[in-house]
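So the structure is just underneath, and the comments pick up after that.
The values are calculated or read from the model by the stated rules, or taken from the named source; none is laboratory data. Just so you know, these numbers come straight off a predicted model, no measurement behind them. Virtual Cβ from ideal backbone geometry, glycine too; neighbours counted across all protein chains shown.
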C-alpha cells in the first residue's frame, strides 16, 4: 500500500495502558491516528495486561477523554487481557519453531552490559539488546526456569529473519520499508 492507495484500506489504532490518565502526548497520538485513518478504520486497543498497575477507573477515564476529544472508534474495543489464549498459541508456535529463548537479565543488567561494551548502540543497524542470554545452553535455561527465576521470552530475530526471508511494508510517509534479519533490535515477546 502506498500513500495513494485506497483510504478505506487504512487501519490505525490507539493502544493506551490504563495505568493512569491520558496526557497531552496520548491525546496527540490518538488524534493523529484518527486523522491518518480518515476514510479507513480507527481501532481502540486497551493494553491491560500489566495487572499490577492497570485499573478499571483509568480504562473508563481514557474512553471518556477520547470521546470528549470527539473521537469514535470501532466496537468492540480489544482488551489485551481477553486474548491471552491467542498469545499463548502464538508463543507455543514460535517456541515449537525454536525461535524463542528465555532472557533472565533485568533492565539494569542489560544497561550495564551495554555500557560495559562501550556505550549504547547508535544507529538502526545495531541491536539494543546485547544478546546476553541467547547463548545459554538448553540445560541452563531449563534449570533456571525450574528454579523459578524471572525471565522474559525473546524472539531470535536473526533466526526468524532467515526463515522468512526479506520482508517489506509500506509506510505512508516513507514508502517501502525493507527489514533484514539483524536490523531491528530484539525485544521481549512475552514476560511469563
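Residues to consider are 9, 90, 15, 5; find the one that is modelled with pLDDT of 95 or more, exposed (fewer than 14 other Cβ atoms within 10 Å of the Cβ) and either closer than 27 Å to residue 178 by Cβ or in the same structural domain as residue 174 (by TED's automatic domain parsing) (or both). The unique qualifying residue is 90.
Residues in the stretch 46-64 that are free of Cβ contacts under 8 Å to residues at least 40 places away in the same chain and assigned to a helix (DSSP H, G or I): 56, 57, 60, 63, 64. Criterion applied to 37, 27 was being surrounded by 17 or more Cβ atoms within 10 Å (Cβ to Cβ) and over 17 Å from the mean Cα position of the chain (by Cα), and the one residue passing it is 37. Being surrounded by 15 or more Cβ atoms within 10 Å (Cβ to Cβ), farther than 24 Å from residue 26 by Cα and not assigned by TED's automatic domain parsing to the domain that holds residue 11 is a property that does not hold for residue 166.
Examine the stretch 110-133 for a residue that is more than 30 Å from residue 36 (Cβ to Cβ), modelled with pLDDT of 90 or more and outside the structural domain of residue 50 (by TED's automatic domain parsing), and state whether such a residue exists. Yes, some residue in the stretch 110-133 is more than 30 Å from residue 36 (Cβ to Cβ), modelled with pLDDT of 90 or more and outside the structural domain of residue 50 (by TED's automatic domain parsing). Out of the residues in the stretch 14-45 that are out of contact with any helix residue (DSSP H, G or I) (no Cβ under 6 Å at 6 or more places or on another chain) and in a strand (DSSP E or B), state the one that is farthest from residue 76 (Cα to Cα). If we take residues in the stretch 14-45 being out of contact with any helix residue (DSSP H, G or I) (no Cβ under 6 Å at 6 or more places or on another chain) and in a strand (DSSP E or B), then 41 is farthest from residue 76 (Cα to Cα).
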